[in-house]
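Q: Mind looking over this structure? Questions follow.
The values are calculated or read from the model by the stated rules, or taken from the named source; none is laboratory data. Not measured: the values here are computed from a predicted model. Neighbour counts run over all protein chains shown; Cβ positions are idealised from the backbone, glycine included. Remember, those area values only see protein heavy atoms, side chains included, never the ligands or the DNA or RNA. Shrake-Rupley method; radii C 1.70, N 1.55, O 1.52, S 1.80 Å.
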Amino acid sequence: MTTAAAFDADTLRQAIRVFLAEHSVQREVSEGDAWRDAEQEELDALHDDEARALKSATEYQRALFEAGLAGLTWPAEHGGRGLSSDAQTIFQEEAAAYAVPRVTFGVAINMVGPVIIAHGTTEQRDRHLPAILNGEETWCQLFSEPGAGSDLAGLRTRAVRDGDELVVNGQKVWTSGAQYADFGLLLARTDIDAPKHRGITAIVLDMHTPGVTVRPLRQMSGVAHFNEVFLDDVRIPIANVLAGLGDGWRVAITTLMHERGAGTNKRADYVGPVIEQARSRGLAGDRPTRQRLADLWIRGRVLELMSDRVMQQRGSGEEPGPHGSLLKLLRARLAKDAAEIGMTLAGPGGVAWLCGDNHDDRWVEALLATRRLSIAGGTDEIQRNIIGERILGLPKEPSNDRTKSFRDLLANG
Ligand SMILES: Cc1cc2nc3c(=O)[nH]c(=O)nc-3n(C[C@H](O)[C@H](O)[C@H](O)COP(=O)(O)OP(=O)(O)OC[C@H]3O[C@@H](n4cnc5c(N)ncnc54)[C@H](O)[C@@H]3O)c2cc1C
């Protein structure tokens, strides 16, 4: 555990305000648009004009780095400021009203950076950490496969050693942002004879390597943020292995813990617009509605306090623990319930609206968009399993595949 450097909150807040006013635009949030949170706006911008959105995100991130405001909680020796999580909270409070990149560098800054700090070699840290902080590198997470999502340790992408290289063959799926990522954090199986959790290796993949094919998966909304990634005889230097051959499960767990604990508290984004909707429609005095709004608000406040706690753990250099699962579960359920209540309050307008009326249709969008929160980064059921086993100390799920070699599992399956 490292000790966070002391800082003056007012001075930092002022520096952030000056920076944001100079380098970003304020979000215009009308009541009907209130749901469309900043991440959705960024995804839309990437969909509409990817090159332009990437260019402006990169310029912003470089300026942030040059102003000394990138990686506030990263250790100073790795290019950050070594400040406590309070500094990050101040940044998020100030940035909430601005259209700043949150998704484009999300995997790189929130997940890969901390993973390289924890498991990378000196060369890997020197190569990637400054480039992540100054916006030169975007990353994607190459974990899920068609047959390995919740059961991630069942992944079948193979990496076979050939001299100083690994030769990788397999397929990944649901890879967010792979279409523009420079690098991918790849999990592949290097030892088929070891038990499933022990034969996996984490590897840094340059996405421009021959043999990497990225195919977009178009969603029902028309956008294609996900991809399938095919790996055909992809040759990767052995120096790109993180932690060590066969040690990839440790890296995967670190990544997922950071992913689940990441994200600002979303109380304002989820709950505020619903309360506003009730007020503007004159429904805030209705007793059942008030009960539901009060319930949402209380859960939002709990989420906020839980987020603070997880952020503090991360800020003090502690490895994020299973409490990130609690946070993720609460966040997903709150968002879905808020969207459902918002849709109900919208009345008939929530199910049918005139072309060009972007007031009520936002609630439908919210209802559909929030489903993803219960799947991405591990489903609600998997978070409950983790909470049961690792926080409540309940017995592990019965399984007979933890000690058998993966080759035998394949033969049986
Ligand atoms: C918006 C979004 C972004 C994503 N981005 C990425 C990305 O960038 N990179 C990446 O690698 N992946 C990504 N994913 C994939 C995501 O991690 C997987 O979808 C998720 O882990 C679930 O895996 P699966 O889809 O294979 O479902 P399955 O694992 O097949 O699960 C199907 C159902 O069975 C349930 N289930 C499975 N096992 C258990 C169990 N042991 N106990 C109880 N219930 C169980 C699940 O909860 C679920 O309801 C993304 C997904 C979404 C929705």
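Q: What number of residues in segment 195-223 are surrounded by 14 or more Cβ atoms within 10 Å (Cβ to Cβ) and in contact (Cβ under 8 Å) with a residue 60 or more places away in the chain?
A: Count: 9.
Q: A follow-up question, please. May I ask you to list the residues in segment 91-112 that are within 16 Å of the ligand (Cβ to nearest atom) and farther than 28 Å from PHE406 by Cα?
A: Listed by number, the residues that qualify are ARG102, VAL103, THR104, PHE105, GLY106, VAL107, ALA108, ILE109, ASN110.
Q: Show me the helices (runs of 4 or more DSSP H) entirely contained within segment 264-359 in which 2 or more residues are modelled with pLDDT of 85 or more, closer than 30 Å to GLY80 by Cβ and touching a helix residue (DSSP H, G or I) at 6+ places or on another chain (Cβ under 7 Å).
A: Qualifying helices (runs of 4 or more DSSP H): 287-315, 323-345.
Yes/no matrix, rows are residues, columns are (1) touching a strand residue (DSSP E or B) at 6+ places or on another chain (Cβ under 8 Å); (2) among the hydroxyl-bearing types (Ser, Thr, Tyr):
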position	(1), (2)
THR73	yes, yes
GLU77	no, no
THR89	no, yes
VAL100	no, no
THR104	no, yes
ARG125	no, no
LEU142	yes, no
ALA153	yes, no
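Q: Right, something else. With SER374, SER399 as the choices, which residue is open to solvent by 40 Å² or more (accessible area, probe 1.4 Å), at pLDDT 80 or above, within 12 Å of the ligand (Cβ to nearest atom) and among the polar types (S, T, N, Q)?
A: Going through SER374, SER399 in turn, just one is open to solvent by 40 Å² or more (accessible area, probe 1.4 Å), at pLDDT 80 or above, within 12 Å of the ligand (Cβ to nearest atom) and among the polar types (S, T, N, Q): SER399.
Q: Here's a follow-up. Filter segment 129-147 for residues that are outside any loop (DSSP other than H, G, I, E, B), more than 15 Å from the ligand (Cβ to nearest atom) and open to solvent by less than 10 Å² (accessible area, probe 1.4 Å) and give the result.
A: Within segment 129-147, LEU129, ALA131, ILE132, LEU133 meet the criteria.
Q: Can you tell me which residue within segment 377-396, out of those that are open to solvent by 100 Å² or more (accessible area, probe 1.4 Å) and not in a loop (DSSP other than H, G, I, E, B), is modelled with the lowest pLDDT?
A: Filtering first and then ranking leaves ARG390.
Q: Looking only at segment 148-180, which residues are open to solvent by 10 Å² or more (accessible area, probe 1.4 Å), in a loop (DSSP other than H, G, I, E, B) and more than 8 Å from the ligand (Cβ to nearest atom)?
A: Answer for segment 148-180, where residues must be open to solvent by 10 Å² or more (accessible area, probe 1.4 Å), in a loop (DSSP other than H, G, I, E, B) and more than 8 Å from the ligand (Cβ to nearest atom): ARG156, GLY163, ASP164, GLN179, TYR180.
Q: Where the second residue is of a type outside the set (D, E, K, R) and within 14 Å of the ligand (Cβ to nearest atom) and the first is more than 13 Å from LEU155 (Cα to Cα) and lies in segment 395-412, which pairs have Cβ atoms under 7 Å and are six or more apart or on separate chains?
A: Going by the 7 Å Cβ cut-off, the qualifying pairs are GLU397/ASN385.
Q: I'd like the full set of residues that are more than 13 Å from the ligand (Cβ to nearest atom) and small (Gly, Ala, Ser), limited to segment 201-246.
A: Those that are more than 13 Å from the ligand (Cβ to nearest atom) and small (Gly, Ala, Ser): GLY211, GLY222, ALA239, ALA243, GLY244, GLY246.
Q: Related question: Name every residue in segment 185-231 that is β-branched (Val, Ile, Thr) and in a loop (DSSP other than H, G, I, E, B), in order of residue number.
A: THR190, ILE192, THR209, VAL223
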